[in-house]
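**Student:** Quick one: the structure is below, and I'll ask about it shortly.
The values are calculated or read from the model by the stated rules, or taken from the named source; none is laboratory data. Since this is a predicted model, take the numbers as computed values, not measurements. Glycine gets a Cβ as well: all are built from the backbone with ideal geometry, and neighbour counts include every protein chain shown. These accessible areas exclude ligands, DNA and RNA; they are computed on the full protein's heavy atoms, side chains included. Shrake-Rupley method; radii C 1.70, N 1.55, O 1.52, S 1.80 Å.
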Amino acid sequence: MRSRVLARGRAACACAVLTAAVAGCTSSGSANSSVTVSGNVLTIYVSAAPTDQPQVAQDVLDAERLAFQQSPHSVGNRTIRMLTVRGSTISAQARTVIQDTSSVAYLGEIVPGSSYASLGITNALDILQVTPTDTALELTETTPAVANAPDGYYESLGTYGRTFARVVPTSGDEAKAQVQEMQALGVSKLYVSSDGSDYGAAIANAVTRDVGGGITLVSSAAAADGVFYGSASPAVAARFFNGVAGSNPSAKLFGPSALDAPAFVSALSPAVRNLYVSVPGFLKADLTPAGTTFVSQFTSTFGHAPAVQAIFGYEAMAAVLSVLKQAGTSANSRSTVVKDFLAIRNRQSVLGTYSIDSNGDTSIAPFVFNRLKSGQLVPFKFVSVSG
């Protein structure tokens, strides 16, 4: 996946396709450039990409719909509409978004690490991309694990600047939560590895960086009482954990939120027992009052309680709609929408009160730890770290 950071050129292609349709797409310049949406319709696209986390993805999408239904669908004399985009690939979806000259925002990918495939494309035409649940830290932060991150992901960085943000904490925050939980579970000797992908390598590096408080890094899984594996591939991660459990059955095993997937759990051997997977979110007892209301409304609307991550979908849509309302007559300026989202400060929401920094990251970092029980990942503990 690291080759995606280095492979450039889609921006030029996007400009060639749309130059005649949309003013403002240039091959060079400063971040002061902008694309202005013509007409009286502003479109918010939401991703429905194929995923290994189908229930999470559906609940996030439904939460986005719920937030849209509960808000006004206009700003000034312009109508706001929500369109779901489904494509054979994530990049194909993103191309659909940029080819619509009414696009003003894209609520993007669900699986951590998957925004690589769309971020460069939407950045090429100055479209705000907000991910509800992609925690991959390398999309917004530098890391020694990924060369040229994060700037290498932005195809028109020099023209439009950064256009990506999130309401979910990063995998850097998740690494802190992982180490905190390892300490609570009595881990003293930790082995850290990854599948070598951008996402896997970056979170593994962050865990290694944050190790302390009585935990010592060791050089083999056989010598460890705790093992962390960074991966977004259910099949690869399952093979790794199956191997560790077979040779070191007492070791506690830890994985990131990309592995909160049925395909991962179903591929685990019976030898895997002490497994813990973190996901962004809250347990019921730790929700804000507004968060509790969201869960109640979602349950009554869709007939079941939402996945833990769904609340971030609701807030992603609510925050974008709030920014459009704030922009008023300038809501048709894509750069204004981006800048206003990155300028969010002390926003009161279903997640609590948070701000967005200049990187596009949120100031709050709530996580839930799931543990393997009877062949399922079951939420059992809430951990909050400083974002």
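**Student:** Could you identify the single residue in Ser28, Ser34 that is open to solvent by 50 Å² or more (accessible area, probe 1.4 Å) and at pLDDT below 95? Lay out the reasoning, then the answer.
**Tutor:** On the way: Ser34 fails: open to solvent by 50 Å² or more (accessible area, probe 1.4 Å).
It is Ser28.
**Student:** Mind counting the residues in region 295-313 that are within 9 Å of Ala63 (Cα to Cα) and not in a helix (DSSP H, G or I)?
**Tutor:** Residues in region 295-313 being within 9 Å of Ala63 (Cα to Cα) and not in a helix (DSSP H, G or I): 1 in total.
**Student:** Could you grab me the full set of residues in region 39-65 that are hydrophobic (A, V, I, L, M, F, W, C) and either in contact with a Phe, Trp or Tyr (Cβ under 6 Å, 6 or more places away or on another chain) or assigned to a strand (DSSP E or B) (or both)?
**Tutor:** Scanning region 39-65 gives Val41, Leu42, Ile44, Val46, Ala63.
**Student:** Let me ask another. Would you call Pro169 of a type outside the set (D, E, K, R), within 30 Å of Leu321 (Cβ to Cβ) and part of a loop (DSSP other than H, G, I, E, B)?
**Tutor:** yes
**Student:** Given the conditions (1) touching a helix residue (DSSP H, G or I) at 6+ places or on another chain (Cβ under 7 Å); (2) touching a residue at least 40 places away in the same chain (Cβ under 8 Å); (3) in a helix (DSSP H, G or I); (4) not charged (D, E, K, R), report the number of the one that Ala175 does not fulfil.
**Tutor:** All conditions pass for Ala175, except number (2).
**Student:** Further, regarding this structure: Having 3 or more residues that are among the hydrophobic types (A, V, I, L, M, F, W, C) and in contact (Cβ under 8 Å) with a residue 60 or more places away in the chain is the bar; report the strands (runs of 3 or more DSSP E) wholly within region 326-387 that clear it.
**Tutor:** Strands (runs of 3 or more DSSP E) meeting the threshold: 364-373, 376-386.
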